[in-house]
Amino acid sequence: MISGETMASSMLINRVPSSIVLPLHGNVYPNGYYNVTLNIGQPSKPYFLDVDTGSDLTWLQCDAPCVQCTEAPHPYYRPRNNLVPCMDPICQSLHSNGDHRCENPGQCDYEVEYADGGSSFGVLVTDTFNLNFTSEKRHSPLLALGCGYDQFPGGSHHPIDGVLGLGKGKSSIVSQLSSLGLVRNVIGHCLSGHGGGFLFFGDDLYDSSRVAWTPMSPDAKHYSPGLAELTFDGKTTGFKNLLTTFDSGASYTYLNSQAYQGLISLLKKELSGKPLREALDDQTLPLCWKGRKPFKSIRDVKKYFKTFALSFTNERKSKTELEFPPEAYLIISSKGNACLGILNGTEVGLNDLNVIGDISMQDRVVIYDNEKERIGWAPGNCNRLPKSKSFII
């Protein structure tokens, strides 16, 4: 039985195959984040939002009035009296762990906590999002967002207006757009190694036969391709069953303690006899190497470093590999050293979770297909915005 609602939205979607493409700004180093500009409200005002596939809710720092807000590029968002009631399904989805009590039925309180220790507390409101579609139409749907009046800055803090949550949950902007029949529930991004890139919602910008797909783990809260095996230079390392997730809100990639130590010893073994030595005076990242003279780009060092990979097994026992060439795990610091952008996740409280961050997603299109519950990747040119109807892959 297809309910009337799903039927209506699938008919709508079949009528309007369309996507939204948004330019990204930022880089892995030195900024440490990518953000997108969204125009919200009537009259519409621009806001810079961090792009985060690791959380669902989109929120803005909000003058409601503000109890504690952090530095922001634009004036704080001022809500109109458009509160989301406590019993709304989107509100309930934010309190899915069973502690959903409506002390004030007229409003929906939320709290989001991030892995770096930062948090946002506030109420849910609705407002118009002014969006351009690849079908050359403009729509201004009314969507739910957080009015955050109490923020605590985390360890990787920088001035922002808010966060664009692109997770799998009901409160995610793409889930909301999809339930209105405006786009398919598919998110993709292409982060350029030179900085910038683009984000897209919808599924008509790529040829899916050219994408390496692996199923999304159904029980995981985040975008997880399930368990991976670490291979180094095409050979098995013995590190298996690594629970993995993709997170555009993390600049670097994190491996659990054992896999991290294992990878470092393999890298160091490869470097013995090469003209590189550890740069103990460079604090940019935990492990940096210097050469005879400062490096200008990854091109100067990539010949000393091998490619490693995470290999995911699909239900048909076929394997999908995500390769990490040197460009996907090294940065050149301001001192001209090569630093390892893979960090020890156990040390920062991720326990056994392995997180694929921005550094390892550069210069490829990564697609989170919530319609078919799969994650895919393919090489892409992230320096040009795709035009409507032209495939990026």
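Entry remark, region 247-271: residues being open to solvent by 30 Å² or more (accessible area, probe 1.4 Å) and in a helix (DSSP H, G or I) number 8 in total.
If the requirement is being modelled with pLDDT under 95, farther than 22 Å from Gly193 by Cβ and either surrounded by 16 or more Cβ atoms within 10 Å (Cβ to Cβ) or charged (D, E, K, R) (or both), which of these qualifies: Arg277, Arg292, Arg316? Let's see the steps before the verdict.
Working: Arg277 fails: modelled with pLDDT under 95; Arg292 fails: modelled with pLDDT under 95.
Among Arg277, Arg292, Arg316, only Arg316 is modelled with pLDDT under 95, farther than 22 Å from Gly193 by Cβ and either surrounded by 16 or more Cβ atoms within 10 Å (Cβ to Cβ) or charged (D, E, K, R) (or both).
Counting the residues of region 338-354 that are open to solvent by 10 Å² or more (accessible area, probe 1.4 Å), of a type outside the set (Gly, Ala, Ser) and either under 18 Å from Pro215 (Cα atoms) or part of a loop (DSSP other than H, G, I, E, B) (or both) gives 4. Before we move on, is Ile342 hydrophobic (A, V, I, L, M, F, W, C) and within 29 Å of Glu373 (Cβ to Cβ)? Spelling it out, Ile342 is indeed hydrophobic (A, V, I, L, M, F, W, C) and within 29 Å of Glu373 (Cβ to Cβ). Taking the criterion of being more than 19 Å from Gly155 (Cβ to Cβ) and among the aromatic types (Phe, Trp, Tyr), the only residue of region 241-261 that qualifies is Phe246. Of the residues in region 358-376, at least one is open to solvent by less than 60 Å² (accessible area, probe 1.4 Å), among the β-branched types (Val, Ile, Thr) and in contact with a helix residue (DSSP H, G or I) (Cβ under 7 Å, 6 or more places away or on another chain).
Only one of these is more than 30 Å from Lys240 (Cβ to Cβ), among the charged types (D, E, K, R) and touching a residue at least 12 places away in the same chain (Cβ under 8 Å): Lys306, Lys290. Name it. Talk me through it step by step, then tell me what you get.
On the way: Lys306 fails: more than 30 Å from Lys240 (Cβ to Cβ).
Matching residue, one of Lys306, Lys290: Lys290.
Within region 13-37, restricting attention to residues that are open to solvent by 60 Å² or more (accessible area, probe 1.4 Å) and farther than 30 Å from Ile332 by Cα, the residue that is modelled with the lowest pLDDT is Asn14. Does Asp56 satisfy the criteria of being under 24 Å from the mean Cα position of the chain (by Cα), modelled with pLDDT of 95 or more and not basic (Lys, Arg)? It is true that Asp56 is under 24 Å from the mean Cα position of the chain (by Cα), modelled with pLDDT of 95 or more and not basic (Lys, Arg).
Here are Ser55, Ser96, Ser135: which of them is assigned to a loop (DSSP other than H, G, I, E, B), hydroxyl-bearing (Ser, Thr, Tyr), under 30 Å from Cys190 (Cα atoms) and open to solvent by 20 Å² or more (accessible area, probe 1.4 Å)?
Working: Ser55 fails: open to solvent by 20 Å² or more (accessible area, probe 1.4 Å); Ser96 fails: under 30 Å from Cys190 (Cα atoms).
The unique qualifying residue is Ser135.
Filtering Ser209, Ser192 for residues that are within 19 Å of the chain's Cα centre (by Cα), over 30 Å from Ser265 (Cβ atoms) and among the polar types (S, T, N, Q) leaves a single hit, Ser192. Scanning region 200-246 for residues that are at negative phi, open to solvent by 50 Å² or more (accessible area, probe 1.4 Å), in contact with a strand residue (DSSP E or B) (Cβ under 8 Å, 6 or more places away or on another chain) and assigned to a loop (DSSP other than H, G, I, E, B) yields Asp203, His222, Phe239, Lys240.
The values are calculated or read from the model by the stated rules, or taken from the named source; none is laboratory data. Given the structure is predicted, the values throughout are model-derived calculations rather than measurements. Virtual Cβ from ideal backbone geometry, glycine too; neighbours counted across all protein chains shown. Quick note on the areas: whole protein, heavy atoms, side chains included, nothing else; ligands and nucleic acids left out. Shrake-Rupley method; radii C 1.70, N 1.55, O 1.52, S 1.80 Å.
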